[in-house]
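*Asks:* Pasting a structure below so you can have a look.
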Amino acid sequence: STWSDLVATIRDTLASILPDAIILDSDGDVPFEFVETSYGPTEEVYGSQSGSIRWMSAPIKFRDDSLVVATSGGTSLSRAYTSQNQSSSATASACTSSPSIILGAMDDSLTRESGGSLLGLVKRSNLISTKIQRRPTFMEQMRFLPSEQDRGRTGQRIESSSRELDIASFKLDYPNRELTLSSTSLIAADSPNAFSLVDLRPLGDFVEHYACIVEKVMFDDVAVSSQTLRLGNAAGRASSKTRDIVAVFDSGLTGCLLIKPFWDRLVAEGLDPSSFASVEIWVKTAKDEKGQSRSQTRRKDKSPGRTASISSSSSTNRLFYVEPISLDWFDDEETAPFVIVMGQTFLTQGSLTVDIEDRRAAFQVV
């Protein structure tokens with residue numbers, strides 16, 4: 001690796017895209033103790049189950065020494081969050097001698113629903129949202145350090161806190177069961193498969209989910225788009241409002257979910273979402289968003305189009321299902337986008353790469 005491109009790879013970890021790093025709250029034999037923090041417990045919902053999460057501090061170390069807990073002025077950020085009312089001097093001593101991170105300890109009900117410990121890949125929260133009690137995310141607590149080779153090349157002594165680099169991108173490679181974190185982009189600037197991500201927080205979303213605008217969706221052999229819904233048959237007349245269709249990537253989900261207003265609109269159009277046997281989602285690639293005409297792009301690239309698709313079906317993937325879900329993400333449900341959530345039934349077919357800082361993504365089917 002180089003100073004400008006530090007990449008840490010964590011094998012055998014497929015992370016759930018949730019706002020925070022979460023671990024089981026059990027009394028089992030673990031090599032560390034949780035320490036109480038100034039953060040109070042929160043009520044959370046995972047799937048259909050609600051439960052409580054206690055926000056604790058614990059020392060953490062990765063096999064890759066370049067991945068460390070962020071520091072501020074040489075002090076672990078999580079130590080700054082830690083309550084001064086420690087339960088024991090021994091525990092406090094252990095935590096001050098090792099880098100610590102804020103973790104969410106789930107109660108039994110959430111543990112059963114989630115199936116185990118979860119690692120959150122959503123980095124940013126909505127700082128002005130009143131829908132949640134904000135907690136530090138895993139991605140914003142972690143940093144990269146340069147390798148010994150890189151440090152030797154610079155010929156300079158640099159304070160620890162000043163040479164830490166943020167996590168800027170990640171890649172979820174399902175076939176190889178590998179999660180890669182990087183301090184720089186993992187998507188080539190001229191990648192033909194890259195597409196733009198959109199930030200839903202201005203519409204009320206409480207975290208920055210990894211979402212993209214959908215060009216069209218094929219439900220079985222029926223094509224649905226924002227335009228067809230605006231001109232559709234619901235209520236017997238065309239609507240004056242155009243509502244975007246947005247796809248959200250969620251590795252913590254198994255199948256495919258449609259936000260309830262989207263589900264209801266499809267029903268109003270005469271469709272039966274519960275009977276869908278296949279879903280194919282089409283998005284514009286980044287090259288398509290540069291304003292080139294379709295004919296120009298075809299002549300230059302000799303390719304038939306500038307859209308990319310990802311699909312799944314009951315006949316090809318045992319994880320496939322389509323269900324409705326109620327989400328409280330948006331401030332105005334009447335004008336909010338129609339959301340389709342893409343789970344592992346899509347993602348297990350290849351690798352998802354997300355550029356957090358540049359808001360770009362790419363999906364490569366293998």
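*Asks:* Go through the range 311-343 residue by residue and tally those that are β-branched (Val, Ile, Thr), more than 22 Å from the chain's Cα centre (by Cα) and either assigned to a strand (DSSP E or B) or under 15 Å from Phe249 (Cα atoms) (or both). Walk me through it before giving the result.
*Replies:* From the range 311-343, those β-branched (Val, Ile, Thr) are 316, 322, 325, 335, 339-341; that's our starting set.
Still in the list and also more than 22 Å from the chain's Cα centre (by Cα): 316, 335.
The next check asks that each one be either assigned to a strand (DSSP E or B) or under 15 Å from Phe249 (Cα atoms) (or both); those that pass are none.
Looking only at that region, the number is 0.
*Asks:* Pick from the range 24-66 the residues that are in contact with a strand residue (DSSP E or B) (Cβ under 6 Å, 6 or more places away or on another chain) and assigned to a loop (DSSP other than H, G, I, E, B): which of them is modelled with the lowest pLDDT?
*Replies:* Asp25
*Asks:* Restricting the search to the range 237-283, which residues are hydroxyl-bearing (Ser, Thr, Tyr) and either outside any loop (DSSP other than H, G, I, E, B) or at pLDDT 95 or above (or both)?
*Replies:* Filtering the range 237-283 down to residues hydroxyl-bearing (Ser, Thr, Tyr) leaves 239-240, 242, 251, 254, 274-275, 278.
Correct list: Ser274, Ser275, Ser278.
*Asks:* A further question on this structure: Do any helices (runs of 4 or more DSSP H) lying entirely in the range 67-129 carry at least 2 residues that are open to solvent by less than 60 Å² (accessible area, probe 1.4 Å) and modelled with pLDDT under 85, and which ones are they? Give the derivation first.
*Replies:* On the way: elements: 77-81, 89-97, 108-114.
Result: 77-81, 89-97.
*Asks:* Shifting gears a bit: Looking at the range 172-181, can you tell me whether even one residue there is in contact with a Lys or Arg (Cβ under 8 Å, 6 or more places away or on another chain) and either closer than 29 Å to Ser129 by Cα or small (Gly, Ala, Ser) (or both)?
*Replies:* Our first condition is that a residue be in contact with a Lys or Arg (Cβ under 8 Å, 6 or more places away or on another chain); within the range 172-181, this holds for 177-180.
Cutting the leftovers down to either closer than 29 Å to Ser129 by Cα or small (Gly, Ala, Ser) (or both) gives us none.
Looking through the range 172-181, none of the residues is in contact with a Lys or Arg (Cβ under 8 Å, 6 or more places away or on another chain) and either closer than 29 Å to Ser129 by Cα or small (Gly, Ala, Ser) (or both).
*Asks:* Follow-up. Here are some residues: Ala189, Ala168. Which one is of a type in the set (A, V, I, L, M, F, W, C) and more than 15 Å from the chain's Cα centre (by Cα)?
*Replies:* Values: Ala168 fails: more than 15 Å from the chain's Cα centre (by Cα).
Every option except Ala189 fails the conditions.
*Asks:* Where in the range 157-229 are there strands (runs of 3 or more DSSP E), lying fully within it, with 1 or more residues that are under 15 Å from Glu357 (Cβ atoms) and open to solvent by less than 50 Å² (accessible area, probe 1.4 Å)? Give the derivation first.
*Replies:* Values: elements: 169-173, 178-182, 211-213, 216-219, 222-224.
Fully inside the range 157-229 and qualifying: 169-173, 178-182.
*Asks:* Hey, another quick one. Specify which of the listed residues (Asp355, Asp332) is out of contact with any Pro (no Cβ under 8 Å at 6 or more places or on another chain), crowded, with 16+ Cβ neighbours inside 10 Å and acidic (Asp, Glu). Lay out the reasoning, then the answer.
*Replies:* Numbers: Asp332 fails: crowded, with 16+ Cβ neighbours inside 10 Å.
Answer to the check: Asp355.
*Asks:* Oh, and also: Where the second residue is open to solvent by less than 50 Å² (accessible area, probe 1.4 Å) and the first is on the phi > 0 side of the Ramachandran plot and lies in the range 189-215, which pairs have Cβ atoms under 7 Å and are six or more apart or on separate chains?
*Replies:* As it stands, the answer is Gly204/Trp329; Gly204/Phe330, since those pairs meet every condition given.
The values are calculated or read from the model by the stated rules, or taken from the named source; none is laboratory data. Treat the numbers as computed from the prediction; the structure is a model and nothing was measured. Glycine gets a Cβ as well: all are built from the backbone with ideal geometry, and neighbour counts include every protein chain shown. What goes into the accessible areas is simple: the full protein's heavy atoms, side chains included, and nothing from ligands, DNA or RNA. Shrake-Rupley method; radii C 1.70, N 1.55, O 1.52, S 1.80 Å.
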